[in-house]
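Colleague: The structure's right below; bear with me while I get my questions together.
The values are calculated or read from the model by the stated rules, or taken from the named source; none is laboratory data. Nothing here was measured: the structure is a model prediction, and the numbers come from that model. Because the Cβ atoms are built from the backbone with ideal geometry, glycine has one as well, and the counts that use them run over all protein chains shown. For accessibility, only protein heavy atoms count, side chains too; no ligands or nucleic acids. Shrake-Rupley method; radii C 1.70, N 1.55, O 1.52, S 1.80 Å.
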Amino acid sequence: MDNNHDGVVIIGAGICGLATALALHKKGIKAVVMEKSESLRNVTGAAITIRPNGWRALHQLGVADILRQTAIPIHWERIISLDGGRKKEISLTPWDGESRCLRRKDLIDTLYAALPRGTVKFDCQLESIKLDPRSNKPVLLFVNGNSIIAKLVIGCDGGKSIIADFLNLKPTKTFPLCSIRGLTNYPSGHSYGHEFTRFMKDNVLVGIIPIDENLIYWFCATSYNPGADKKAWEDPEVIRQSSLEFVREHPQEIHEMIENADAKSLSLTNLRYRAPWELLTSTFCKGTVMVAGDAMHIMGPFLAQGGSAGLEDAVVLARIMAQQGLNSPESGNKMTVQGVQEAFYRFVKERRMRVVRLSFQTYLTGMIVSASSRIKKIIYIILLILLFHNQSGHIDYDCGDL
Ligand SMILES: Cc1cc2nc3c(=O)[nH]c(=O)nc-3n(C[C@H](O)[C@H](O)[C@H](O)COP(=O)(O)OP(=O)(O)OC[C@H]3O[C@@H](n4cnc5c(N)ncnc54)[C@H](O)[C@@H]3O)c2cc1C
């Protein structure tokens, strides 16, 4: 049965979808979030690092103080090389500004708890979207047989976005790398202090970042491609045993960390991205339909910025929609098609170069990690230095007030 929906329809209750609903709510704009899962997807991916630009966005969303209670600040990044069988410190760099590693569960649960009850509708998997030939309004068809005629749609449905396909965005690409992630608890405390430690050995990178005094988040990035074995990789014990195999020549502390990891937290992900040069020219909105978050600009995790970029999207979009006077009809304003289109156009204009730069820096960093030839690595390093003099400039971005 068709339902006419007068407010904003957001597809996907990930970080960006929830943050967008919250930002709109704070500006008096009513939204509903349609999520395919039966409950909040708050376990996948274990944890997420939030750099200063992400904290600025969380502050605008009114949840930064709650989340600060859940994770310790990270002050340093230490890089250790294990090549040649020797442990050698390459660098110890201070991390300016506020950076913390949050359990994904804490971030997702906090955003969700800040929303009015009933904002998220679970078990609503979008199957397709088309435009009504008479009204030109977007018609959303769901796998459960329901459909909605929406006034405006924001696709926050991640890297395999149906809304992005509707907008004719090019398919996302895959880095020749996968990442295994997990959480390990140290009941008597760990020894990593307030540091992000990276161990590099051949083509295996292990990163360790504390969440609190007892819990650490770790990842292991390697050029393995699970290919047809993907199903087997849903088994945490397969992930654990294979990770141990990847790090067999790493120090004992890394073996123990993987052996003691919480099985529920273990996951393997192929790393995907939208090519930065495509972000320069892509059309991210059509009529009253648009994309945000990973659906718009999925990028590798090499700068730990994908999630924060989605938080920034939420703040910028809600601010512009309110400036355009698109507050809910209850407050006396009308959501006209022209007003929505103008808001989406302004959003894309404001966000485009930010996400192009972030994605390009992330892409070059990923290629340095994954390139097999030495010459290619050197070319990517030169490009990175030439184009991004200030390698940590990406954390200075301020998405502005909500
Ligand atoms: C290995 C790895 C490490 C990372 N580390 C960091 C980090 O440290 N810091 C950082 O900022 N970022 C990091 N990222 C990036 C970050 O995880 C993403 O940018 C972020 O999760 C994207 O959020 P999103 O809401 O846009 O998309 P998603 O998290 O993908 O959420 C999409 C939501 O839409 C739902 N959905 C999908 N299709 C449909 C449909 N058809 N109908 C209804 N619902 C649907 C999904 O179930 C999901 O809930 C990392 C990514 C990876 C892969």
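Colleague: I'd like the isolated cysteines in the chain, meaning no second cysteine's beta-carbon lies under 4.7 angstrom from theirs.
Modeller: Cys101, Cys124, Cys178, Cys220, Cys285, Cys399
Colleague: So, with +1 on the Cβ of K and R and -1 on the Cβ of D and E, and no other charges, what is the size of the charge dipole of segment 82-213 about its Cα centre, to the nearest 20 debye?
Modeller: That gives a dipole near 420 debye.
Colleague: Students often forget the sequence filter, so: which aspartates and glutamates lie under 20 Å Cα-Cα from Lys87 once same-chain residues fewer than 8 apart are removed?
Modeller: Glu77, Glu195, Asp202, Glu245, Glu249, Glu253, Glu256
Colleague: So how strong a dipole does segment 197-337 carry about its Cα centre when Lys and Arg Cβ are +1 and Asp and Glu Cβ are -1, to the nearest 20 debye?
Modeller: Numbers: 12 positive and 18 negative charges, 159 e Å.
Dipole magnitude for segment 197-337 comes out near 760 debye.
Colleague: Just the number, please: carbon plus sulfur as a percent of the accessible area of segment 44-120, 1.4 Å probe, no ligands or DNA/RNA counted.
Modeller: Carbon-and-sulfur percentage of accessible area, whole number: 50.
Colleague: If the cut-off is 17 Å between C-alpha atoms, which aspartates and glutamates fall inside it for Lys286, apart from same-chain ones fewer than 8 positions away?
Modeller: Asp132, Asp157, Asp165, Glu278, Glu342, Glu350
Colleague: Same structure again: How much net charge surrounds Thr197 when only the other residues with a Cβ under 12 Å from the Cβ of Thr197 are counted, with Lys and Arg +1 and Asp and Glu -1? Each step should come with its number before you reach the end.
Modeller: Values: positive: Arg78, Lys87, Arg198; negative: Glu77, Glu89, Glu195, Glu253.
Counting the neighbours of Thr197, the net charge comes to -1.
Colleague: Let me ask another. Kindly identify segment 250-294 as rounded, prolate or oblate by the Cα gyration tensor criterion: order the square roots of the eigenvalues as a ≥ b ≥ c, call it rounded if a/c is under 1.5, otherwise compare a/b with b/c, prolate if a/b is larger, else oblate.
Modeller: Prolate.
Colleague: Compute, for Val247, the solvent-accessible surface of its heavy atoms (probe 1.4 Å) with the complete set of protein chains present, and express it in square angstrom to the nearest 10.
Modeller: That residue has around 0 Å² of solvent-accessible surface.
Colleague: Something else: Based on alpha-carbon centroids, what's the gap between segment 1-55 and segment 316-383 in Å, whole number please?
Modeller: Taking the Cα centre of each part, segment 1-55 and segment 316-383 sit 17 Å apart.
Colleague: Taking the Cα atoms only, what angle lies between the long axis of helix 337-370 and the longest principal axis of the chain, rounded to 10 degrees?
Modeller: Its long axis makes an angle of about 10 degrees.
Colleague: With all protein chains present, calculate the accessible area of Met200 using a 1.4 Å probe and round the result to the nearest 10 Å².
Modeller: Met200 has an accessible surface of roughly 80 Å² with all protein chains in place.
Colleague: While we're on this one: Could you report the accessible area of Glu234 in Å², rounded to 10, computed with a 1.4 Å probe on the protein chains as they sit in the structure?
Modeller: Looks like 130 Å² after rounding.
Colleague: In straight Cα distance, which lysines are under 25 Å from Lys231, not counting same-chain residues fewer than 8 positions off?
Modeller: Partners within reach: Lys36, Lys105, Lys160, Lys173, Lys264.
Colleague: Whole Å is fine, so just give me how far the alpha carbon centre of segment 144-165 lies from that of segment 244-277.
Modeller: Each part reduced to its Cα centre gives a spacing of 32 Å.
Colleague: Right, another one. When only the heavy atoms of the protein chains count and the probe is 1.4 Å, how do Phe166, Phe388 rank by accessible area, highest first?
Modeller: Descending order: Phe166, Phe388.
Colleague: With a 1.4 Å probe and every protein chain left in place, work out the accessible area per residue of the chain in Å², rounded to a whole number.
Modeller: Working: 18180 Å² over 402 residues.
Solvent-accessible surface per residue comes out at 45 Å².
Colleague: While we're looking at this one, here's another question. Using a 1.4 Å probe on the protein chains only, how many percent of the accessible area of segment 250-302 belongs to carbon and sulfur?
Modeller: It is 50 percent, rounded to a whole number.
Colleague: Helix 104-113: angle to the longest alpha-carbon principal axis of the chain, degrees 0 to 90, nearest 10?
Modeller: Roughly 20 degrees, rounded to the nearest 10.
Colleague: Then there is this: Give me the net charge of Tyr397's neighbourhood, meaning all other residues with Cβ under 10 Å from the Cβ of Tyr397; Lys, Arg count +1, Asp, Glu -1.
Modeller: Its environment carries a net charge of +1.
Colleague: Let me ask something additional. Sorted from largest down, what three extents in whole angstroms do the Cα atoms of the chain have along their principal axes?
Modeller: 68, 44, 42
Colleague: Tell me the net charge near Asn53. Cut-off is 9 Å between Cβ atoms, Asn53 excluded, with +1 for each Lys or Arg and -1 for each Asp or Glu. Could the numbers behind the result be given before it?
Modeller: Working: positive: Arg51, Arg56; negative: Glu312, Asp396, Asp398.
Around Asn53, the surrounding residues sum to -1.
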